[in-house]
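Written out below as structure tokens is the structure these notes cover.
The values are calculated or read from the model by the stated rules, or taken from the named source; none is laboratory data. Everything quoted here is computed from the prediction, not taken from an experiment. Please note: Cβ atoms are built from the backbone with ideal geometry, for glycine as well, and neighbour counts cover all protein chains shown. Areas reflect the complete protein model, heavy atoms only, side chains present, ligands, DNA and RNA absent. Shrake-Rupley method; radii C 1.70, N 1.55, O 1.52, S 1.80 Å.
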Amino acid sequence: MLTVDFSRFPLAPGDRVLDLGCGAGRHAFECYRRGARVVALDRNGEEIREVAKWFAAMREAGEAPAGAEATALEGDALALPFEDDSFDAVIVSEVMEHIPDDKGVLAELVRVLRPGGRIAVTVPRYGPEKVCWTLSDAYHEVEGGHIRIYRADELLARIREVGLEPYGTHHAHALHSPYWWLKCAFGVNRDGDEAALPVRAYHKLLVWDIMRKPLVTRLAERALDPVMGKSFVAYATKPHLPAAPVPGGRAAPETGTERA
């Protein structure tokens, strides 16, 4: 289940991509399938080890094209172990709401993103998330849980503050909002057979939808995303630096092999 829309966030074979806070690796795997040289980074060592196993399995199964590369790293979002301008694209999905210094994270991402590169940022949408917080304190009052709810204009302002230029937004996963409302209403910590019947029934619907991808649910979600999509997704670019002036009033030519 992808939150980033790759038709709005195009990747070229060989692009170097950072999936920050990769979790179980869903976006990193898709980048790998598209021929990218992807780095999946997360602070959770257990998840990173699992992502590394899946990368190896994909490689053995021939799921990635020739030239694609994949690395899984444990690391800190506020101190990335990469040089400036290292990546063509960066994904940070459902991460910002967990980190107190969200401005510091964005600044680090801008540092490692090359001029002209793209970034995709996704966070829980304000309305559906506010319902969850209202229904259940346990939903957000957990170690490592959500510490803030972003309004769309607030997140876009954060993005602009660090020098990025937004170029598109949308909402995603409308069918997942009712699931989390049910979870919060009946007990967010009750999983599996311990979950309430409405939660178990809706979970089966979601699994069926993910596995089968029927037209009816795809059309329903497309219609409902603008109204109750669970995630807000923003896309932005890092602008090129202006060329340095030279005597005589003409700009010095740009150097290097930067790609737009």
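For this structure, a couple of remarks:
- Within segment 64-96, being open to solvent by 60 Å² or more (accessible area, probe 1.4 Å) and among the β-branched types (Val, Ile, Thr) holds for one residue alone: Thr71.
- Comparison of Gly116, Gly168 shows that the only residue that is surrounded by fewer than 17 Cβ atoms within 10 Å (Cβ to Cβ), within 21 Å of Leu2 (Cα to Cα) and not charged (D, E, K, R) is Gly168.
- Only one entry in Asp88, Asp84, Asp19 is in a loop (DSSP other than H, G, I, E, B) and among the acidic types (Asp, Glu), namely Asp84.
- With respect to the conditions (1) under 15 Å from the mean Cα position of the chain (by Cα); (2) open to solvent by 70 Å² or more (accessible area, probe 1.4 Å); (3) farther than 19 Å from Thr237 by Cα, Leu2 falls short on a single one, namely (2).
- Residue count for segment 156-165, restricted to those that are farther than 17 Å from Glu94 by Cα and surrounded by 15 or more Cβ atoms within 10 Å (Cβ to Cβ): 2.
Here is a yes/no grid of residues against (1) at negative phi; (2) open to solvent by 60 Å² or more (accessible area, probe 1.4 Å):
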position: Phe29; (1), (2): yes, no
position: Gly35; (1), (2): no, no
position: Arg43; (1), (2): yes, yes
position: Ile48; (1), (2): yes, no
position: Met58; (1), (2): yes, no
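- As a summary of the residue check, Pro115 satisfies the conditions (1) within 17 Å of His170 (Cα to Cα); (2) assigned to a strand (DSSP E or B) except for the one numbered (1).
- With respect to being aliphatic (A, V, I, L, M) and part of a loop (DSSP other than H, G, I, E, B), Val142 fits the description.
- Pair list, Cβ under 7 Å, 6 or more apart: segment 123-145 residue closer than 13 Å to Pro178 by Cβ and modelled with pLDDT of 95 or more, other residue assigned to a loop (DSSP other than H, G, I, E, B) and of a type outside the set (A, V, I, L, M, F, W, C): Pro128/Lys230; Cys132/Tyr139
- Among (1) under 17 Å from the mean Cα position of the chain (by Cα); (2) open to solvent by 60 Å² or more (accessible area, probe 1.4 Å) - the single one Glu143 does not satisfy: (1)
- Matching residues in segment 173-205 - criterion: being open to solvent by less than 60 Å² (accessible area, probe 1.4 Å) and either among the hydroxyl-bearing types (Ser, Thr, Tyr) or in a helix (DSSP H, G or I) (or both): His176, Ser177, Pro178, Tyr179, Leu182, Lys183, Cys184, Gly192, Pro198, Val199, Ala201, Tyr202
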